[in-house]
Amino acid sequence: MYKIAVMGDSDSVLGFKALGLDVYPVESVDEARKTLHRLAKESCAIVYMTEQLGAQMPEELARYKDALMPAIILIPGKDGSLGIGQENVTKSVIRAVGANIL
């Protein structure tokens, strides 16, 4: 069975535990890298990651961008949105459809 995980600072991700998602609060970028790679090996289908954390890990995001699993989706953290998540969704739509339909 595939898992859905949420990674980021504890204040941003702990609320997702109430929804039944696997929550991984991380304190450093190095810890986040290790956790992401472990989740990929454990057949985690989707990883929601805070934009603040994703902005510090561009190499890992690029590595898994075209991989079947996990799909990494950036979400706003406790400090608000950086616009990275929306930009990535727009790029994916343009790539899939050929035009920006959003």
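On average, how much accessible surface per residue is there in segment 21-94, in Å², for a 1.4 Å probe, leaving out ligands, DNA and RNA?
With all protein chains present, segment 21-94 gives 56 Å² per residue.
Kindly state, to the nearest 0.05, the FRET efficiency for Leu14 paired with Ala99, given R0 = 41 Å and r defined as their beta-carbon distance.
Efficiency, from the Cβ-Cβ distance: 0.60.
When DSSP beta bridges are limited to those with both residues in the chain, what percentage is antiparallel, rounded to the nearest 5?
About 5 percent, rounded to the nearest 5.
Take the residue pairs Lys34/Lys91; Lys34/Lys65; Lys41/Lys78; Lys41/Lys65; Lys3/Lys41; Lys17/Lys78 and return only those whose Cα atoms are more than 21 Å apart.
Lys34/Lys91; Lys41/Lys78
Alpha carbons only, please: Rg and Dmax for the chain, in angstrom.
When restricted to the Cα atoms of the chain, Rg and Dmax are 13.4, 39 Å.
If one takes the longest principal axis of the Cα atoms in the chain, at what angle in degrees, from 0 to 90 and to the nearest 10, does the Cα axis of helix 29-41 lie?
80 degrees
What's the carbon and sulfur percent of the chain's accessible surface, probe 1.4 angstrom, rounded to a whole number?
The computed percentage sits at 55.
The values are calculated or read from the model by the stated rules, or taken from the named source; none is laboratory data. Note that the structure is a prediction, hence the values are computed from the model and not measured. Here Cβ is always computed from backbone atoms with ideal geometry, including for glycine, and neighbour counts include all displayed protein chains. In case anyone asks, the SASA skips ligands and DNA or RNA and just uses the protein heavy atoms, side chains included. Shrake-Rupley method; radii C 1.70, N 1.55, O 1.52, S 1.80 Å.
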